[in-house]
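Colleague: Quick one: the structure is below, and I'll ask about it shortly.
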Amino acid sequence: MQSKQLSKTLSYVLRHRPEELGLQLDAHGWVSVADLLRALQARDASVTREQLLAVVATNDKQRFALSDDQTLIRASQGHSVEVDLALPARTPPEVLYHGTATRFLNSIRNTGLQSGSRQHVHLSADADTARMVGSRHGQPVVLTVRAGDLHRSGAVFFQSANGVWLTGSVPPAFLQEPS
Ligand code: HQG
């Protein structure tokens, strides 16, 4: 399997559909590397442990993490499966960014940012990253999020192992569109 394809398969399995490979994530989203490897190899015998570890190590967004003893693997963010990543709550910077597509703006003006099928709304520390995230959905637009104010109003923020800021939702009052 090509490494890009393996990365996509890992995202799908570890975030959304572990049962497709006959796997079950533990409460914190981890699965045994050995079990995962066996399940992948049952589909495609060319996958090796070395390739799997190389994909984890070199993934462009560091989407996957290994446990300290390297026996467990999980996705660092993006889950629709209900998992508790047990991330510590963190104070966000005053300003964060959310990249979306212009076609979602009306809805976002009405209801704010909602997590939809995922567990959290994903926010970026810089506008360029947010623009790239938004462009996955269409004509991108970068919203400024008053994260500091939202945090002080009681919202809980987390930061994933790969640096993405996560929170439950962002009400419209904390969003600013580009002028
Ligand atoms: C939009 C990628 C209508 C939201 C990225 C987004 C990220 C609303 C879309 C990660 C809305 C959901 C997540 C509302 C939010 N009405 N639309 N009220 N509230 N939306 O893919 O943030 O490459 O689930 O703006 O880098 O785009 O997969 O979320 O456009 O970190 O590792 O609904 O996925 O990482 O789309 O991306 P998504 P996202 P990976």
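Colleague: Could you list, in sequence order, the residues of the stretch 167-177 that are part of a strand (DSSP E or B) and either more than 18 Å from the chain's Cα centre (by Cα) or within 9 Å of the ligand (Cβ to nearest atom) (or both)?
Modeller: Going residue by residue through the stretch 167-177, those that are part of a strand (DSSP E or B) are 167, 170, 175-176.
170, 175, 176, listed by residue number.
Colleague: Moving on. Is it fair to say residue 56 is out of contact with any Asp or Glu (no Cβ under 8 Å at 6 or more places or on another chain), within 16 Å of the ligand (Cβ to nearest atom) and outside the structural domain of residue 148 (by TED's automatic domain parsing)? It would help to see each step written out before you state the result.
Modeller: Details: out of contact with any Asp or Glu (no Cβ under 8 Å at 6 or more places or on another chain): yes; within 16 Å of the ligand (Cβ to nearest atom): yes; outside the structural domain of residue 148 (by TED's automatic domain parsing): yes.
So residue 56 fits the description; yes.
Colleague: Looking only at the stretch 151-160, how many residues end up being exposed (fewer than 15 other Cβ atoms within 10 Å of the Cβ) and under 16 Å from residue 96 (Cβ atoms)?
Modeller: 3
Colleague: Go through 103, 74, 136, 118 for me and flag whichever is out of contact with any Asp or Glu (no Cβ under 6 Å at 6 or more places or on another chain), basic (Lys, Arg) and over 30 Å from residue 30 (Cβ atoms).
Modeller: Details: 74 fails: over 30 Å from residue 30 (Cβ atoms); 136 fails: over 30 Å from residue 30 (Cβ atoms); 118 fails: over 30 Å from residue 30 (Cβ atoms).
Among 103, 74, 136, 118, only 103 is out of contact with any Asp or Glu (no Cβ under 6 Å at 6 or more places or on another chain), basic (Lys, Arg) and over 30 Å from residue 30 (Cβ atoms).
Colleague: Here's another thing I want to ask about it. If residue 160 passes every condition in (1) in contact with a helix residue (DSSP H, G or I) (Cβ under 9 Å, 6 or more places away or on another chain); (2) within 11 Å of the ligand (Cβ to nearest atom); (3) within 26 Å of residue 6 (Cβ to Cβ) but one, which one does it miss?
Modeller: Result: residue 160 fails condition (1) only.
Colleague: Let me ask something additional. Give the stretch 94-150 a look and list any residue that's open to solvent by 70 Å² or more (accessible area, probe 1.4 Å) and either more than 9 Å from the ligand (Cβ to nearest atom) or in a strand (DSSP E or B) (or both), or say none.
Modeller: 94, 128, 131, 139, 146
The values are calculated or read from the model by the stated rules, or taken from the named source; none is laboratory data. What you are looking at is a predicted structure, and each value in this text was computed from that prediction instead of being measured. Positions of Cβ are backbone-derived with ideal geometry, glycine not excepted, and every protein chain shown enters the neighbour counts. We work out accessible area using only protein heavy atoms, side chains counted, and drop any ligands, DNA or RNA first. Shrake-Rupley method; radii C 1.70, N 1.55, O 1.52, S 1.80 Å.
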